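The values are calculated or read from the model by the stated rules, or taken from the named source; none is laboratory data. Computed from a prediction, not measured in an experiment: that's the story for all the values here. Here the Cβ is made from the backbone with ideal geometry for all residues, glycine too, and neighbour counts use every protein chain on show.
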């Protein structure tokens, strides 16, 4: 993909994302997106055949960015990976939160798009599991390892709940989650 094509697509995605967050899915149309990003409506339709495909692409981008950040964290020398992991997850979910609410309201999901998102989400869960394994007590049985997956799933659900219940308290929410993980016996840093 050339830089010009990539720039146009990025512009469409960024403008549409901003509009979906501000106005909601139902109040945004391709014409409004066109006006916002100063790109002809026809050009936008060349990239995305309809509004729902564009909306789903925005969600996929968000999931992919979270996945890449977690992948980079796994490969890094960061001694505080659990703290960093929680912050990456929180910010990723926070970014998608409004979009996910709009997705539910608009009921845009179809089987192939859902399968794609589920695969990305599974990869994210597996990466988080690897991070927690690095920082957990020595595990000797597969039953205990399965607890990590449940912890990750619980953590993700808790983040959604905290964003809903305490949207203005991001730092407190992240600190609470870090303390929760420490209280469960996970080490703060690699020894």
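Report yes if some residue within segment 10-33 is free of Cβ contacts under 8 Å to residues at least 24 places away in the same chain, assigned by TED's automatic domain parsing to the domain that holds residue 168, under 29 Å from residue 128 (Cβ atoms) and touching a helix residue (DSSP H, G or I) at 6+ places or on another chain (Cβ under 8 Å); otherwise report no.
Among the residues of segment 10-33, not one is free of Cβ contacts under 8 Å to residues at least 24 places away in the same chain, assigned by TED's automatic domain parsing to the domain that holds residue 168, under 29 Å from residue 128 (Cβ atoms) and touching a helix residue (DSSP H, G or I) at 6+ places or on another chain (Cβ under 8 Å), which makes the answer no.
Can you spot a residue in segment 166-178 that is closer than 20 Å to residue 125 by Cβ, assigned by TED's automatic domain parsing to the domain that holds residue 92, modelled with pLDDT under 90 and surrounded by 11 or more Cβ atoms within 10 Å (Cβ to Cβ)?
Yes, because at least one residue in segment 166-178 is closer than 20 Å to residue 125 by Cβ, assigned by TED's automatic domain parsing to the domain that holds residue 92, modelled with pLDDT under 90 and surrounded by 11 or more Cβ atoms within 10 Å (Cβ to Cβ).
Within segment 46-83, track down each residue that is surrounded by fewer than 19 Cβ atoms within 10 Å (Cβ to Cβ) and assigned to a loop (DSSP other than H, G, I, E, B).
Across segment 46-83, the qualifying residues are 49, 50, 76, 77, 78, 79, 80.
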